[in-house]
Each structure stands twice: as structure tokens, then as C-alpha cells.
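*Asks:* Below is the structure I would like to discuss, written out as C-alpha cells.
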Amino acid sequence: MEANGCVSLEEIEEYNYMANQTFKTEKEFYMFYNGYAFHKGFSVRKDRIWYKPSTKEVTWRRFVCSFEGYRMEKHLKGRIRKDSHVL
């Protein structure tokens, strides 16, 4: 976005390119999106997932910026940062 709050034509074209991508697998999408995010200076993580109740088939998956919100507590248990000093 430019300083005056306007969006450039290049940014619109980039958005349209990104929004119109299709992928055959979740892994393929994740690799593409994480590569794009890295190029832009951030990373992504897998957030929520929804399953079809009868078959447990994944119907929806959300990816977010790695700084988005909070991680679920079940993913934090037993983790101690390597550079932290525990007293």
C-alpha cells in the first residue's frame, strides 16, 4: 500500500494472482503459501481444521500468520524455548 493509502496496480495484480491459485493437496498449498510468506518476510502456521463428521475427511483448513493470535494450549505443553533459562 502506498503512503497515501492507495493500492498500486501491481499489488492488485499480485492479490488476484494469489487469490486465484488452486492446489490439489493441502501440502502443495502450504508449501506455496509458506514460500510466498517467506518472500514477504513472515511465516505461516496451520491453525484450525474442520472434518466431515461421517468420514473424518478434511473439509476446511485455516492457515494464519505465525504471529496471529495464540497457539492452542495442547500444542504448548512440554515446550521450553532453547534459549530460555529455567530457574
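*Asks:* Of the residues in the range 45-87, how many are modelled with pLDDT under 75 and among the polar types (S, T, N, Q)? Before the answer, list the steps.
*Replies:* Of the residues in the range 45-87, the ones modelled with pLDDT under 75 are 68-87.
Filter again for among the polar types (S, T, N, Q), leaving 84.
The total comes to 1.
*Asks:* Just checking, how many residues over the range 1-56 are among the β-branched types (Val, Ile, Thr), surrounded by 10 or more Cβ atoms within 10 Å (Cβ to Cβ) and either touching a Phe, Trp or Tyr at 6+ places or on another chain (Cβ under 7 Å) or not in a helix (DSSP H, G or I) (or both)?
*Replies:* In the first step, residues of the range 1-56 are kept if they are among the β-branched types (Val, Ile, Thr); the result is 7, 12, 22, 25, 44, 49, 55.
Narrowing the set further to residues that are surrounded by 10 or more Cβ atoms within 10 Å (Cβ to Cβ) leaves 7, 12, 44, 49.
Of the ones still in play, those that are also either touching a Phe, Trp or Tyr at 6+ places or on another chain (Cβ under 7 Å) or not in a helix (DSSP H, G or I) (or both) are 7, 44, 49.
Of the residues in the range 1-56, 3 are among the β-branched types (Val, Ile, Thr), surrounded by 10 or more Cβ atoms within 10 Å (Cβ to Cβ) and either touching a Phe, Trp or Tyr at 6+ places or on another chain (Cβ under 7 Å) or not in a helix (DSSP H, G or I) (or both).
*Asks:* Got at least one residue in the range 21-44 being of a type in the set (Asp, Glu) and modelled with pLDDT of 90 or more?
*Replies:* At the first step, the residues of the range 21-44 found to be of a type in the set (Asp, Glu) are 26, 28.
Filter again for modelled with pLDDT of 90 or more, leaving 28.
Within the range 21-44, one or more residues are of a type in the set (Asp, Glu) and modelled with pLDDT of 90 or more.
*Asks:* Kindly evaluate Phe63 against the criterion of being part of a loop (DSSP other than H, G, I, E, B), without any contact (Cβ under 8 Å) to a residue 60 or more places away in the chain and within 17 Å of the chain's Cα centre (by Cα).
*Replies:* On the way: part of a loop (DSSP other than H, G, I, E, B): no; without any contact (Cβ under 8 Å) to a residue 60 or more places away in the chain: yes; within 17 Å of the chain's Cα centre (by Cα): yes.
No.
The values are calculated or read from the model by the stated rules, or taken from the named source; none is laboratory data. Computed from a prediction, not measured in an experiment: that's the story for all the values here. Cβ coordinates were reconstructed from backbone atoms using ideal geometry, including for glycine residues, and neighbour counts include every protein chain displayed.
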